[in-house]
Amino acid sequence: MTRAADVANEVDARLRAQTDVERREFTQGYFPSAMENLGVAVPHQKAIVRDLKRRLKQADAATVLGIVRALLRKNTLEGRQVAYFVLNEHTAAMASLDKPSVEELGCGIDNWTSVDTFACYVAGPAWREGRITDAAVRAWTRSIDRWWRRAALVATVALNLKSRGGTGDAPRTLAVCARLVGDHDDMVVKGLSWALRALGTADPAAVRGFLDRHADELHARVVREVRNKLTTGLKVPKQLRKKA
């Protein structure tokens, strides 16, 4: 029998063996968090995920969720990333999710990289597949926690990007976006821009209409980045990147 604590301890040790001190020092400022930052690059994280995916192929949902929870209890930035990646790779575990379990797994998200991985790999797919309701995601937009408001927006990415399994869902996406048009918290602004840009790949007309309706409320950054994406295919046009 696979013991969740043993697997979590193994993963933690493997991550710590890949610590890059310079990366840790840089990323502590890039995404400050109450979690311990080990300074482990994503390729090293993904190598562990591939190994766990192979080993857990025949495991049941409860076993995988037990390991995910044990990894979250380690309270490391990279351990949380691995936990979300592993969960996303296990069909039965993802199919077992519901509102209480999704919100439990999101408890503690306090930086943009953890929020975005949670939203893109856990909450968004669960929402898309009907494991959590529209009302549940809309409730996050009313949270006093900026990170849950961002999570609501980033979860829409899984509805719209083909690379995330989405096919396009303007009604649900824009229902969330409309609730946060006047929220000018920096992390929410960036999340709103991403949500609209992702929808723009599937339904550009719906996004243009949304920008027109809410032009007076939206942060200038959102309008600029989304219009750039719609007209050039890039958030920031190449010529402006060169000037920067």
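The values are calculated or read from the model by the stated rules, or taken from the named source; none is laboratory data. Not measured: the values here are computed from a predicted model. As a convention, Cβ positions derive from the backbone with ideal geometry for all residues, glycine included, and neighbour counts pool all protein chains shown.
Quick look at the values:
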quantity: Count - residues of segment 207-227 that are surrounded by 18 or more Cβ atoms within 10 Å (Cβ to Cβ) and over 14 Å from Val181 (Cα atoms); calculated: 1
quantity: Yes/no for Arg224 being over 22 Å from the mean Cα position of the chain (by Cα) and at pLDDT 95 or above; calculated: yes
quantity: Filtered residue count, segment 37-59, keeping only those that are under 22 Å from Ile109 (Cα atoms), surrounded by 15 or more Cβ atoms within 10 Å (Cβ to Cβ) and either in the same structural domain as Trp112 (by TED's automatic domain parsing) or not polar (S, T, N, Q) (or both); calculated: 6
quantity: Filtered residue count, segment 89-139, keeping only those that are in a loop (DSSP other than H, G, I, E, B), among the hydroxyl-bearing types (Ser, Thr, Tyr) and farther than 19 Å from Val157 by Cβ; calculated: 1
quantity: Given (1) under 27 Å from Arg128 (Cβ atoms); (2) in contact with a helix residue (DSSP H, G or I) (Cβ under 9 Å, 6 or more places away or on another chain); (3) assigned to a helix (DSSP H, G or I); (4) not assigned by TED's automatic domain parsing to the domain that holds Trp147, number of the condition Asp12 does not satisfy; calculated: (1)
